[in-house]
Amino acid sequence: MAVKYRGKGSKVFASILAVSIVLGSGGLVSADEGNGKSSYSQDQKIVARVSAERALEHVKYLSQEIGPRVSGLEGEQRSAAYIANTLKSYGYDVEFQYFPVADQFIANVALNDETVWEMGAAPNGKISDEAVKGQVVFVEDGTSLSDFSADTAGKIVVMARASTVAGYQAQVDNAVKAGAKGVILQSLVGSRGNYGQAFNPSLAKKYDVPVFGASYIHGEWMKEEMAKGSVEVSLTAKHYSNLKSVNVIATKAPKGKAKDTKEVILGAHHDSVVGAPGANDNASGVGLMLELARVYKGYNTDKELKFIAFGSEERGLLGSRYYVDQLSQEQRDRIEAVFVPDMVATNYDKAKNLYAMTVDGTTNAVTNASTAAGARLGNSDILPGTFGSSDHVPFHNAGIPAALFIWMGIDSWNPLVYHIEKVYHTPQDTMEDNISAERMQSALDIIGSGLFDTVRKDVPALHKK
Ligand code: BES
Ligand code: ZN
């Protein structure tokens, strides 16, 4: 039986709080939306039908069945196919929009038990599918040649990477001088306080041995293996070129289309970073989008609605930028609102709110619709905020109202510091470690109702005061 998960919405206190927050941010809710019973009954058409469980089936497929969905590579292509097939099965017209992306250098570290870890490879290290096999040794520091003992020769050296590029360049130099067959640099902390993610070491000169950039947890797992006994690994790397990435676009035509009909977009990136299954970032946003697409199929809407899965967000918002770039000014002018769910289901305890973030902190059609929906539903999870770093940015830069939806924590006493899960961009961004069905349900309810209110068939009664 389907279990429905609910946010903390039903409390009266929560409802009052949400309304006061919405009104406090500029009185942006019109009177008939802020307390409108009719809008509320429209919300129920969505809330009664959307299921976190169904959305999480998509998260499961994308993050477990496919795994990492790296820009331009097979995982991303498979994810595009899965999303397109799902949208087609709901009855939508679907198109693929391809665009070129830069080369990738991908490393694989195979252990004896058939486990394979995906990492970044240094383009200046050995890139070959001819395996380099050897025993692993862990070297402390490594910025000085004296850190390497005589038995380093012929081994695969693992080191915690120095914080600077010059620092890890010295580590690699020394390891190679000491006779290492291969080098793995363990990333420690990420730029957002997350555990270090896999990376492509950037080396100033060429080396004959493979040099890989491991995530923090890969290094820790390696130590655990070594604690059990001697570890042998097999290193391979591949240079992928002439790559293309892909946006998947499904369109829901408005009922009774008029020439000046506005368009609304729900768009989530479907790629992930190297070595990361990307369950929360961003299979969650795609799962939410697919589940809303399923439910909306049953309703007529006034405006054109587009569901878009963007490719290559993690490489610089490439898919959304490409999408916006190829629109004419006239097409841009038609877009009324862009909803961008990205990381909408973490279970991280410090990520206490679902933020509707705009690039410059101003409220717009998207933040207003979603905070108003939260208020009507009595769901106090939603708050407005300021943030870039996702697919809403290219739309914003083109003057199109857009907002990012993300669960995070922001301390009222220091709004510059934000909290996101430590497993962000790492191999631990998995269903088991980083997904909350309750948070997914809250995001579905709020975004689903806010978006529906933006596109649905106009009910004349709603405009009566
Ligand atoms: N989902 C993140 C964006 C994000 C992360 C928002 C943390 C808020 C807090 C997104 O997938 C991401 O990592 N974006 C890149 C964008 C960059 C390549 C332009 C980033 O911010 O590093
Ligand atoms: Zn993301």
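Checking residue 388 against (1) of a type outside the set (Lys, Arg); (2) more than 15 Å from ligand 2 (Cβ to nearest atom); (3) part of a loop (DSSP other than H, G, I, E, B), which single condition isn't satisfied?
The number of the failed condition is (2).
Which one is nearest to ligand 1 (Cβ to nearest atom), of the residues in segment 315-361 that are farther than 30 Å from residue 105 by Cβ and of a type in the set (Val, Ile, Thr)?
This residue is 344.
Output the strands (runs of 3 or more DSSP E) that fall wholly within segment 242-351 and possess 2 or more residues being more than 27 Å from residue 53 (Cα to Cα), in contact (Cβ under 8 Å) with a residue 12 or more places away in the chain and more than 15 Å from ligand 2 (Cβ to nearest atom), or say none. Spell out how you get there, then give the answer.
On the way: elements: 243-252, 263-269, 304-310, 335-341.
Output list reads 243-252, 335-341.
How many residues are outside any helix (DSSP H, G or I), open to solvent by 60 Å² or more (accessible area, probe 1.4 Å) and either more than 12 Å from residue 375 (Cβ to Cβ) or modelled with pLDDT of 95 or more (or both) when one looks only at segment 27-60? Don't jump to the end; show me each part of the working.
Our first condition is that a residue be outside any helix (DSSP H, G or I); within segment 27-60, this holds for 27-30, 35-36, 48-51.
So of that shortlist, the ones also open to solvent by 60 Å² or more (accessible area, probe 1.4 Å) come out as 28, 35, 48-49.
Narrowing the set further to residues that are either more than 12 Å from residue 375 (Cβ to Cβ) or modelled with pLDDT of 95 or more (or both) leaves 48-49.
Matching residues across segment 27-60 total 2.
Among the candidates 342, 349, 302, which residue alone is surrounded by fewer than 21 Cβ atoms within 10 Å (Cβ to Cβ) and within 29 Å of residue 411 (Cα to Cα)?
Working: 342 fails: surrounded by fewer than 21 Cβ atoms within 10 Å (Cβ to Cβ); 302 fails: within 29 Å of residue 411 (Cα to Cα).
Matching residue, one of 342, 349, 302: 349.
Every residue in segment 112-157 that is open to solvent by less than 20 Å² (accessible area, probe 1.4 Å) and either in a helix (DSSP H, G or I) or farther than 16 Å from residue 209 by Cβ (or both), please.
152
Might you let me know whether segment 397-419 holds any residue that is surrounded by 22 or more Cβ atoms within 10 Å (Cβ to Cβ) and in a helix (DSSP H, G or I)?
Within segment 397-419, not a single residue is surrounded by 22 or more Cβ atoms within 10 Å (Cβ to Cβ) and in a helix (DSSP H, G or I).
Across segment 433-465, what is the number of residues that are modelled with pLDDT under 95 and in a loop (DSSP other than H, G, I, E, B)?
Initial filter on segment 433-465 (modelled with pLDDT under 95): 455-465.
Applying the additional criterion that residues be in a loop (DSSP other than H, G, I, E, B) yields 457-459, 464-465.
Adding up the residues that qualify gives 5.
Look at segment 158-175 and say how many of its residues are assigned to a helix (DSSP H, G or I) and over 21 Å from residue 236 (Cβ atoms). I'd like the intermediate steps shown before the answer.
Residues of segment 158-175 assigned to a helix (DSSP H, G or I): 165-175.
Remaining after also requiring over 21 Å from residue 236 (Cβ atoms): 165-171, 173-174.
Count: 9.
Of 82, 98, which residue is buried (at least 19 other Cβ atoms within 10 Å of the Cβ) and more than 30 Å from residue 226 (Cβ to Cβ)? Before the answer, list the steps.
Values: 98 fails: buried (at least 19 other Cβ atoms within 10 Å of the Cβ).
Of the residues listed, the single one that is buried (at least 19 other Cβ atoms within 10 Å of the Cβ) and more than 30 Å from residue 226 (Cβ to Cβ) is 82.
Here is a list: 371, 362, 430, 367. Which entry is within 16 Å of ligand 2 (Cβ to nearest atom) and either β-branched (Val, Ile, Thr) or modelled with pLDDT under 95 (or both)?
Numbers: 371 fails: within 16 Å of ligand 2 (Cβ to nearest atom); 362 fails: within 16 Å of ligand 2 (Cβ to nearest atom); 367 fails: within 16 Å of ligand 2 (Cβ to nearest atom).
Only one candidate passes the filter, namely 430.
The values are calculated or read from the model by the stated rules, or taken from the named source; none is laboratory data. For clarity, every value in this text was computed on a predicted model and none was experimentally measured. Cβ coordinates were reconstructed from backbone atoms using ideal geometry, including for glycine residues, and neighbour counts include every protein chain displayed. For the accessible areas, the whole protein counts, side chains as well, though only heavy atoms, and no ligand, DNA or RNA atoms are used. Shrake-Rupley method; radii C 1.70, N 1.55, O 1.52, S 1.80 Å.
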